[in-house]
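Scroll down for the structure; my scribbles are underneath it.
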Amino acid sequence: MLKWALIFALIALVAGALGFGGVAGVAAGIAKILFFIAVIGFLIFLALGVFAGRKLTGR
């Protein structure tokens, strides 16, 4: 998902440089949403990994 966020960010940069403001705004918005979804997913899996590790070691 982070890969798609980077792709949309690049599309936004290129579209902005070429003067396509509407396309750049939409692509930047999509990139922002995908980035935050990826960060939230990372934090959820990090927490699950920590809790599973504690359960296995008994701490």
Original post:
Is it fair to say I33 is out of contact with any Pro (no Cβ under 6 Å at 6 or more places or on another chain), open to solvent by 90 Å² or more (accessible area, probe 1.4 Å) and under 18 Å from I7 (Cα atoms)?
Top reply: yes
Original post:
Any residue in the stretch 38-51 that is hydrophobic (A, V, I, L, M, F, W, C), in a helix (DSSP H, G or I), without any contact (Cβ under 8 Å) to a residue 40 or more places away in the chain and surrounded by 14 or more Cβ atoms within 10 Å (Cβ to Cβ)?
Top reply: yes
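The values are calculated or read from the model by the stated rules, or taken from the named source; none is laboratory data. Please read all numbers here as calculations on a predicted model, not as lab measurements. Cβ atoms come from the backbone with ideal geometry, glycine included; neighbour counts cover every protein chain shown. To get the accessible areas, we keep the full protein, side chains included, count just its heavy atoms, and leave off ligands, DNA and RNA. Shrake-Rupley method; radii C 1.70, N 1.55, O 1.52, S 1.80 Å.
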